[in-house]
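Below: one structure, written as structure tokens.
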Amino acid sequence: MKYLLEIALQFAANINCQKNGCMECRVCINTLKAKYPNLRILDPAGSSILMEEIQEFIYSMSVSSINNEFKIAIIKEADLGGSAFNLLLKTLEEPPDEKCVFILLAEDINSIIPTIKSRCQTYNWIFKGSAFENYDKRFQDFKIELEGWLTGIMSDRKNISGALNFTGNVGIFVKEICGEAVKRQKKESEKIKKSGLDDDEIKRIVKKLDEKHKREIKKITNLIIMHVFDIMTACLEDIIAAAAGSRQEALHYPENYNIINESFKSENINKYTGLLRVIRENGIYLNQGINYEIALDRIVLGLVQH
Ligand SMILES: [Zn+2]
């Protein structure tokens, strides 16, 4: 997040600098220090963005800019979401005036609510040592396993208990990854407690760390479920495409072509477009703390015959 903020500040300096972002003038220097009147930064204090925080922030963007420059709003941890984000959505659609620029920062683009994402231009950076880099290999392995389970469910559609295990298996993976994060976090907190700082200072830091940790767990969970939803979407799209007479090469998983044609002949396609909708809706609300298990069960049971 630190690097992201630096990039955002440089970008912000570029917008208002008279010399193409010289990084030397007063505008550039103060913007880079994050101390500039036409710059506002929303840095959520808790594990979700609060209504009051967003309201205050939006209000501050309605105040007219100084020197007719752009008012730049940087929202840190935009992937936290929360219901307050709906307010922001309105402001992104209809900013208070034409001098507003909103910059949303997130560690993973998939954790941004699609309705917000679709209103933004996106830029991606990959940082070495970022929080999720360590999970890449694990996510890859998990993805392969997940694809195998779904193929299994599609080829043996009478095996309801097998299908029901699916959500449980996803839950185990989420628990495992989050469990490791919790362990790491505990160590971090212990270190602070033994640091010799005075009690009030320790309390304050530990409280801040706790909030940070909660956020990390939430982000990891959302990220995993988004991966699961993506793979399920691909499988459902394949079923629909194959039923519509699509060629094997056109599928996301061409190797499933025969299984789909054998197991899903003469099926009502509406059912599967309905399941795609379930994924889309749940994806949107994922950041608002929905119970993903119900959605997973519903989709996977839609694939079996019962
Ligand atoms: Zn400058």
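A residue that is of a type in the set (A, V, I, L, M, F, W, C), within 16 Å of the ligand (Cβ to nearest atom), on the phi < 0 side of the Ramachandran plot and touching a Gly at 6+ places or on another chain (Cβ under 8 Å) cannot be found anywhere in segment 38-57. Could you figure out which of (1) touching a helix residue (DSSP H, G or I) at 6+ places or on another chain (Cβ under 7 Å); (2) surrounded by 13 or more Cβ atoms within 10 Å (Cβ to Cβ) isn't true of PRO254? Of the numbered conditions (1) touching a helix residue (DSSP H, G or I) at 6+ places or on another chain (Cβ under 7 Å); (2) surrounded by 13 or more Cβ atoms within 10 Å (Cβ to Cβ), the odd one out for PRO254 is (2). For segment 94-125, a residue qualifies if it is at pLDDT 80 or above and aromatic (Phe, Trp, Tyr), and the qualifying residues are PHE102, TYR123.
In the set (1) within 16 Å of the ligand (Cβ to nearest atom); (2) free of Cβ contacts under 8 Å to residues at least 40 places away in the same chain, SER65 fails one condition alone, (1).
Sort through LEU9, LEU5 and tell me the only one that's within 15 Å of the ligand (Cβ to nearest atom), at negative phi and among the aliphatic types (A, V, I, L, M).
Numbers: LEU5 fails: within 15 Å of the ligand (Cβ to nearest atom).
Answer to the selection: LEU9.
Pairing each residue of segment 98-123 that is of a type in the set (Lys, Arg) with any residue that is part of a loop (DSSP other than H, G, I, E, B), provided the two are 6+ apart or on different chains, yields C-beta distances under 9 Å for LYS99/ASN38; LYS99/SER64; LYS99/SER65; LYS99/GLU69; LYS99/PHE70.
Looking at the structure I just gave you, is GLY162 touching an Asp or Glu at 6+ places or on another chain (Cβ under 8 Å), modelled with pLDDT under 90 and surrounded by 13 or more Cβ atoms within 10 Å (Cβ to Cβ)? Walk me through it before giving the result.
Working: touching an Asp or Glu at 6+ places or on another chain (Cβ under 8 Å): yes; modelled with pLDDT under 90: yes; surrounded by 13 or more Cβ atoms within 10 Å (Cβ to Cβ): yes.
Taking the combined requirement at face value, the residue satisfies it.
If a residue must be small (Gly, Ala, Ser) and either surrounded by fewer than 11 Cβ atoms within 10 Å (Cβ to Cβ) or near the ligand (Cβ under 8 Å from one of its atoms) (or both), how many such residues does segment 19-34 contain?
Within segment 19-34, the first condition is being small (Gly, Ala, Ser), and the residues that meet it are 21, 34.
Now restrict to residues that are either surrounded by fewer than 11 Cβ atoms within 10 Å (Cβ to Cβ) or near the ligand (Cβ under 8 Å from one of its atoms) (or both): 21.
Within segment 19-34, residues that are small (Gly, Ala, Ser) and either surrounded by fewer than 11 Cβ atoms within 10 Å (Cβ to Cβ) or near the ligand (Cβ under 8 Å from one of its atoms) (or both) number 1.
If you check LYS90, LYS76, LYS99, which single one turns out to be buried (at least 16 other Cβ atoms within 10 Å of the Cβ), more than 16 Å from the ligand (Cβ to nearest atom) and outside the structural domain of ASN282 (by TED's automatic domain parsing)? The match here is LYS76.
Taking segment 138-155, which residues are without any contact (Cβ under 8 Å) to a residue 60 or more places away in the chain and more than 19 Å from the chain's Cα centre (by Cα)? Within segment 138-155, ASP141, ILE144, GLU145, GLY148, TRP149, GLY152 qualify.
The values are calculated or read from the model by the stated rules, or taken from the named source; none is laboratory data. Fair warning: this is a prediction, and the values are worked out from it, not measured in the lab. Neighbour counts run over all protein chains shown; Cβ positions are idealised from the backbone, glycine included.
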